[in-house]
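J.: Pasting in a structure now, in structure tokens, and then I'll have a few things to ask.
The values are calculated or read from the model by the stated rules, or taken from the named source; none is laboratory data. Owing to the predicted nature of the structure, the values given are computational and were not obtained by experimental measurement. Don't worry about glycine lacking a Cβ; one is built from the backbone with ideal geometry, like all the others, and counts go over all protein chains shown.
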Amino acid sequence: MPRVLSGIQPSGQLTLGNYIGAIQNFVKLQETHECFFMVVDLHAITVPQEPAALREQTESVAALFIAAGIDPAKASVFAQSHVAAHAELGWLFTTLAYMGELERMTQFKDKSNGKDSVGAGLFVYPTLMAADILMYNADLVPVGDDQKQHLELTRDLAARFNQRYGDMFTIPEPYIPKVGARIMSLDDGTKKMSKSNPNPGSYIALLDPPDVIRKKISRATTDSGREVQFNPAEKPEVSNLMSIYSHCAGITLEEITARYEGQGYGAFKKDLAEHVVAKLEPLQQRYAEIRSSGEIHQILKQGAEQVSGIAEKTLRDAKERMGFLLPR
Ligand code: AQP
């Protein structure tokens, strides 16, 4: 079976953007692919994290994977820091990358913009991501649109390694959804929805209670018009709300436009909130059950055990090819 790998940072509460852009595809792909889904805690610390919050969020992200429908009997679910080879292979790829290519990464530019001091980890974030993916020779990487550039760098680093040291790594392909690859912030249609945004009103968290979801959607920015029309260039906020609607209600953008013709934004937003609430309700219930059962620790332990043999072998092979003297 072809392999799939993806990860999500425990850097805040997962949002509807993470779900639509990434997790829903994880659930589909586990039926047809050998899947590896990670909580990428080593990536999360590229920006400061409060230790207790990091622990809680790591457990929460893993539980949300399961609540969303990832089945640990079909996919390996694990924490990145539980498989030590990730950090080591990450270092090997850091030495293969050039400053210029890392400086061009838009995520680095966005996250370092306006900051006096920027952590070196944020700069080398993409080389650790390359290691994560190449470790398991993933064929496909389901991600949102924002991660496309990092994936291109991963492909370049794999090709560079293969050219210098002999063919070893599969060149992975991105798997990006056609609708919802970039869910935008509720308060600014030009910025993507992000779990680390300091304004909680900018995102819908998967665990937001129904009334919070209703309030956030009713306050979401729109424009001075009245037409519920999909036009991301001229109506970015309304178009974004339509994408969310389409995903949660399972109807097309054209059907949404027809349904709200001549009604303005009020009715549209009200219905949208109910569709989001209904979509998240079963996930939230399942999440509560998983958290109270405490089973997540066992799932993560089992996941790490399943993958560590592959990871150690990849690391050993890469080191051997690069000329490291391996312990005998
Ligand atoms: N707004 C989004 N729309 C669609 N997909 C999205 N993803 C993130 N935001 C959106 C996808 O979710 C996956 C997990 O991402 P991540 O946690 O590794 O980091 P990120 O891409 O930087 O996501 P966030 O939510 O913006 O996290 P913070 O705020 O911590 O940086 C990825 O597949 C991503 O494409």
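J.: Select from region 162-184 the residues that are surrounded by 19 or more Cβ atoms within 10 Å (Cβ to Cβ) and at positive phi and list them in ascending order.
T.: The answer is Gly180, and nothing else.
J.: May I ask you to verify whether Lys148 is among the basic types (Lys, Arg) and at pLDDT below 95? Full working, then the answer.
T.: Working: among the basic types (Lys, Arg): yes; at pLDDT below 95: no.
The answer is no for Lys148.
J.: Another question, if that's okay. Please count how many residues of region 30-71 are closer than 19 Å to Pro126 by Cβ, in contact with a Phe, Trp or Tyr (Cβ under 9 Å, 6 or more places away or on another chain) and among the β-branched types (Val, Ile, Thr).
T.: Summing the residues that are closer than 19 Å to Pro126 by Cβ, in contact with a Phe, Trp or Tyr (Cβ under 9 Å, 6 or more places away or on another chain) and among the β-branched types (Val, Ile, Thr) in region 30-71 gives 2.
J.: Only one residue in Gly12, Gly69, Gly90 is under 15 Å from Lys195 (Cβ atoms) and either within 16 Å of the ligand (Cβ to nearest atom) or touching a residue at least 40 places away in the same chain (Cβ under 8 Å) (or both). Which one?
T.: Values: Gly69 fails: under 15 Å from Lys195 (Cβ atoms); Gly90 fails: under 15 Å from Lys195 (Cβ atoms).
Step by step, each of Gly12, Gly69, Gly90 is checked, and only Gly12 is under 15 Å from Lys195 (Cβ atoms) and either within 16 Å of the ligand (Cβ to nearest atom) or touching a residue at least 40 places away in the same chain (Cβ under 8 Å) (or both).
J.: Restricting to region 33-57, and then to whatever is under 16 Å from the mean Cα position of the chain (by Cα) and more than 12 Å from the ligand (Cβ to nearest atom), can you tell me which residue is surrounded by the most Cβ atoms within 10 Å (Cβ to Cβ)?
T.: Cys35
J.: Please state which one of Phe230, Phe268 is over 23 Å from the mean Cα position of the chain (by Cα), within 19 Å of Gly21 (Cβ to Cβ) and modelled with pLDDT of 95 or more.
T.: Criteria check complete, one pass: Phe230.
J.: Now, a different point. Filter region 208-242 down to residues that are surrounded by fewer than 18 Cβ atoms within 10 Å (Cβ to Cβ) and aliphatic (A, V, I, L, M), then give me how many there are.
T.: 2
J.: Right, something else. Kindly list, by first and then second residue, each pair from a residue in region 118-137 that is surrounded by fewer than 18 Cβ atoms within 10 Å (Cβ to Cβ) to a residue that is hydroxyl-bearing (Ser, Thr, Tyr) and assigned to a helix (DSSP H, G or I), limited to pairs with Cβ atoms under 9 Å and residues at least 6 apart or on different chains.
T.: Matching pairs, first to second residue: Val118/Ser112; Gly119/Ser112; Asn137/Thr314.
J.: Let me ask something else about it. Given region 84-140, what helices (runs of 4 or more DSSP H) lie entirely inside it while holding 3 or more residues that are under 17 Å from Glu312 (Cβ atoms)?
T.: Helices (runs of 4 or more DSSP H) meeting the threshold: 85-94, 125-135.
J.: Then there is this: Going residue by residue through region 38-60, is there one that turns out to be farther than 16 Å from Ser196 by Cβ and of a type in the set (Ser, Thr, Tyr)?
T.: There is no residue in region 38-60 that is farther than 16 Å from Ser196 by Cβ and of a type in the set (Ser, Thr, Tyr).
J.: Restricting to region 30-88, count the residues that are among the hydrophobic types (A, V, I, L, M, F, W, C) and within 23 Å of Lys279 (Cβ to Cβ).
T.: Filtering region 30-88 down to residues among the hydrophobic types (A, V, I, L, M, F, W, C) leaves 35-40, 42, 44-45, 47, 52-54, 61-68, 70, 73, 75, 77-79, 83-85, 87.
Those still in the list that are within 23 Å of Lys279 (Cβ to Cβ) too: 35, 37, 39, 61-68, 70, 75, 77.
Adding up the residues that qualify gives 14.
J.: Go through (1) more than 25 Å from Asp110 (Cα to Cα); (2) more than 14 Å from the ligand (Cβ to nearest atom); (3) in contact (Cβ under 8 Å) with a residue 24 or more places away in the chain for Thr252 and report which single condition fails.
T.: Condition not satisfied by Thr252: (3).
J.: Could you list, in sequence order, all residues of region 17-36 that are part of a strand (DSSP E or B) and in contact (Cβ under 8 Å) with a residue 60 or more places away in the chain?
T.: Phe36
J.: Residues being under 14 Å from the mean Cα position of the chain (by Cα) and buried (at least 19 other Cβ atoms within 10 Å of the Cβ): count how many of those fall in region 185-201.
T.: Residues flagged as under 14 Å from the mean Cα position of the chain (by Cα) and buried (at least 19 other Cβ atoms within 10 Å of the Cβ) within region 185-201 amount to 4.
J.: Let me ask something else. Mind checking which residues of region 141-180 are more than 22 Å from Leu92 (Cα to Cα) and either of a type in the set (Ser, Thr, Tyr) or more than 14 Å from the ligand (Cβ to nearest atom) (or both)?
T.: Across region 141-180, the qualifying residue is only Tyr175.
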